[in-house]
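Engineer: Sharing a structure here in structure tokens format.
The values are calculated or read from the model by the stated rules, or taken from the named source; none is laboratory data. This is a predicted model, so every value here is computed, not measured. Heads up, the Cβs are rebuilt from the backbone with ideal geometry, glycines too, and the neighbour counts pull from every protein chain shown. Ligands, DNA and RNA are stripped out before the accessible areas are found, and what is left, the full protein with its side chains, is counted by its heavy atoms. Shrake-Rupley method; radii C 1.70, N 1.55, O 1.52, S 1.80 Å.
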Amino acid sequence: MKISGLVVAVVAALFSTVASAQSPDNAVWGVTERNEVLRWNSALNGFEGVPGSLQQVSVGSDGVVWGIDPEGTVQRWIGSQWQQVPGMKLKQLSVRSGQEVWGVDADDHLFRWDGSAWQPTGITTAFVSAGADGTVWGISAPASGVNAGIIQPISDWLNHQGGSPIEVPGAPPVRRVSVTDGSRLWAIDDLWLLHQWTAAGWQRVDGQYRDVAQAANGELWAVYRSGIVTFRNDPSAPPRQMQSVGAAYVANSATLLKQIAVGAAPPTEPALTADQQLIVDTHNRERQTHPGVGPLQWSPELAQWAQAWAQSVAAANVMTHRGDQRGNPFRPGEGLGENIYGWNPAKTGGDAVLSWIAEKQWYDYAQDSCAAGKVCGHYTQVVWKNSRYVGCGKAMAANGTLYYVCNYYPAGNTGGRPY
């Protein structure tokens, strides 16, 4: 990608209050000045607190979340808590996926996580940003032999394509760079001014910003220098248009962000079949009867995992749970919730969910227990507050019994009441 020239004219950004952002839960994370961790919750239409303390957070294209705590220790989110990643102390990192993470240490040395260990690259950079397509950009550090603040195409260097540092002429040194893919690049200069690369060259957005991040679906999030969050949720809108979320959409109006991260989710998901949509809708109709319980989203990865087990269950014609969920493709190494249903003659996925919801009559919320001799764990998984994603598969046994398997993330029935 050839970049040249900063468009000197400043184009005023258009701001207006909006009703809701479109990003899915767990796709948008932020950090406050007090190193508190927040994530977007669509049910609240705002940010909610997450346990732990970080100075920086990053979200990969596969939804994996990593961060750096105030001591420089690298942490990885495992669904309910942070897990330390050994081997390095870093000042900044950028996650492409759980198998590829880039990090910069206190001496501006760039490292790459290959899925099991940190590998030195031999490159010096003050800041790094990795796109979903493998594009990696950085900001030159004084020790690299060039002026600080020059944007560098690190991926070109690593691919031996002879990439040379690319300046942002006419602007002060750059403090942050954010890349979604090879065609979508943002930079914030030392005067807190935001610049976007477009087909017409670099264009500056009116206002001062601390951070910016854009998903592959076009949704753009940014943090004003004041800490107020803004976003643009219309990919077809002019690139300079953004809208103000405002303090009213932050769970604690006194909580302002210093940094934001957005998972570069795919632009579109394959359309659900009628049966899959019925499964999601039946779950969510029940979930919305409980205040504070947000809707579930369909996960193709979970559906693939559930489908494999549904076929195993149908082949044996025995309704048993998978013994170990940690090999799942959605969150490798983490467990999943699971519900199974079998019926002959065959019924729909909606009927499967209704059969689990029917256990509601046996659940005693006050005692957080099932009635003696009854089962209610399928129901509590359906309405488990912390679960955000579901994926289901189905397969028919030789005798005509149709089995449905649904997997959930994060897993339910992990202690405490469901809602």
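Engineer: Please count how many residues of the stretch 336-354 are of a type in the set (A, V, I, L, M) and part of a strand (DSSP E or B).
Structural biologist: Going through the stretch 336-354 one residue at a time, the tally reaches 1.
Engineer: In the stretch 397-418, which residues are aliphatic (A, V, I, L, M), in a strand (DSSP E or B) and open to solvent by 10 Å² or more (accessible area, probe 1.4 Å)?
Structural biologist: We begin by selecting, within the stretch 397-418, every residue aliphatic (A, V, I, L, M); these are 397-398, 402, 405, 411.
In the following step, the residues that additionally are in a strand (DSSP E or B) were identified as 402, 405.
Leu402, the sole residue that qualifies.
Engineer: Something else: Tally up the residues in the stretch 196-227 that are at pLDDT 85 or above, touching an Asp or Glu at 6+ places or on another chain (Cβ under 8 Å) and crowded, with 20+ Cβ neighbours inside 10 Å, please. Show your work before the answer.
Structural biologist: Filtering the stretch 196-227 for residues at pLDDT 85 or above gives 208-214, 221-227.
Subset that is touching an Asp or Glu at 6+ places or on another chain (Cβ under 8 Å): 222-223, 227.
Right, trim to crowded, with 20+ Cβ neighbours inside 10 Å and you get 222-223.
Total meeting the criteria: 2.
Engineer: Write out, first by first residue and then by second, each pair whose Cβ atoms fall under 6 Å of each other, whose residues are 6+ apart or on separate chains, and whose first residue, in the stretch 400-419, is farther than 21 Å from Ala303 by Cβ while the second is in a loop (DSSP other than H, G, I, E, B) and open to solvent by less than 50 Å² (accessible area, probe 1.4 Å).
Structural biologist: Pro418/Val383; Pro418/Trp384; Tyr419/His290; Tyr419/Val293; Tyr419/Val383
Engineer: Also, I was wondering about something else. Yes or no: the stretch 355-367 includes at least one residue that is in a loop (DSSP other than H, G, I, E, B) and touching a strand residue (DSSP E or B) at 6+ places or on another chain (Cβ under 9 Å). If you could, list the steps in order and put the result at the bottom.
Structural biologist: Pass one, the stretch 355-367, residues in a loop (DSSP other than H, G, I, E, B): 365-367.
Still in the list and also touching a strand residue (DSSP E or B) at 6+ places or on another chain (Cβ under 9 Å): none.
Checked the stretch 355-367: no residue is in a loop (DSSP other than H, G, I, E, B) and touching a strand residue (DSSP E or B) at 6+ places or on another chain (Cβ under 9 Å).
Engineer: How many residues are touching a His at 6+ places or on another chain (Cβ under 6 Å) and open to solvent by 40 Å² or more (accessible area, probe 1.4 Å) when one looks only at the stretch 289-324?
Structural biologist: 0
Engineer: Restricting to the stretch 94-144, give me the number of residues that are aliphatic (A, V, I, L, M), open to solvent by 30 Å² or more (accessible area, probe 1.4 Å) and closer than 16 Å to Leu185 by Cβ.
Structural biologist: Of all residues in the stretch 94-144, those aliphatic (A, V, I, L, M) come to 95, 101, 104, 106, 110, 117, 123, 126, 128, 130, 132, 136, 139, 141, 143.
Now restrict to residues that are open to solvent by 30 Å² or more (accessible area, probe 1.4 Å): 106, 117, 126, 132, 143.
Those still in the list that are closer than 16 Å to Leu185 by Cβ too: 132.
Here the count works out to 1.
Engineer: Could you say which residue among Leu296, Leu302 is touching a helix residue (DSSP H, G or I) at 6+ places or on another chain (Cβ under 6 Å) and either within 30 Å of Gln83 (Cβ to Cβ) or without any contact (Cβ under 8 Å) to a residue 60 or more places away in the chain (or both)?
Structural biologist: Step by step, each of Leu296, Leu302 is checked, and only Leu296 is touching a helix residue (DSSP H, G or I) at 6+ places or on another chain (Cβ under 6 Å) and either within 30 Å of Gln83 (Cβ to Cβ) or without any contact (Cβ under 8 Å) to a residue 60 or more places away in the chain (or both).
Engineer: Further question: Give just the number: which of (1) open to solvent by 50 Å² or more (accessible area, probe 1.4 Å); (2) outside any loop (DSSP other than H, G, I, E, B); (3) modelled with pLDDT of 85 or more does Val179 not satisfy?
Structural biologist: Among (1) open to solvent by 50 Å² or more (accessible area, probe 1.4 Å); (2) outside any loop (DSSP other than H, G, I, E, B); (3) modelled with pLDDT of 85 or more, Val179 violates only (1).
Engineer: Further question: Condition first: free of Cβ contacts under 8 Å to residues at least 12 places away in the same chain and either among the small types (Gly, Ala, Ser) or closer than 18 Å to Ala395 by Cβ (or both). Now tell me which residues in the stretch 321-334 satisfy that.
Structural biologist: Gly323, Gly327
Engineer: Quick one: count up the residues across the stretch 341-380 that are open to solvent by 40 Å² or more (accessible area, probe 1.4 Å), touching a residue at least 60 places away in the same chain (Cβ under 8 Å) and more than 15 Å from Arg287 (Cα to Cα).
Structural biologist: 1
Engineer: For Asp69, all conditions in the list (1) at pLDDT 85 or above; (2) surrounded by fewer than 21 Cβ atoms within 10 Å (Cβ to Cβ); (3) over 27 Å from Pro173 (Cα atoms); (4) not β-branched (Val, Ile, Thr) hold save one; what is the number of the exception?
Structural biologist: (3)
Engineer: Just one of the numbered conditions (1) in contact with a strand residue (DSSP E or B) (Cβ under 7 Å, 6 or more places away or on another chain); (2) open to solvent by less than 20 Å² (accessible area, probe 1.4 Å) is not true of Lys394; which one?
Structural biologist: (2)
Engineer: Please go through the stretch 51-62 and give me each residue that is small (Gly, Ala, Ser), open to solvent by 20 Å² or more (accessible area, probe 1.4 Å) and part of a loop (DSSP other than H, G, I, E, B), ordered by number.
Structural biologist: Ser61
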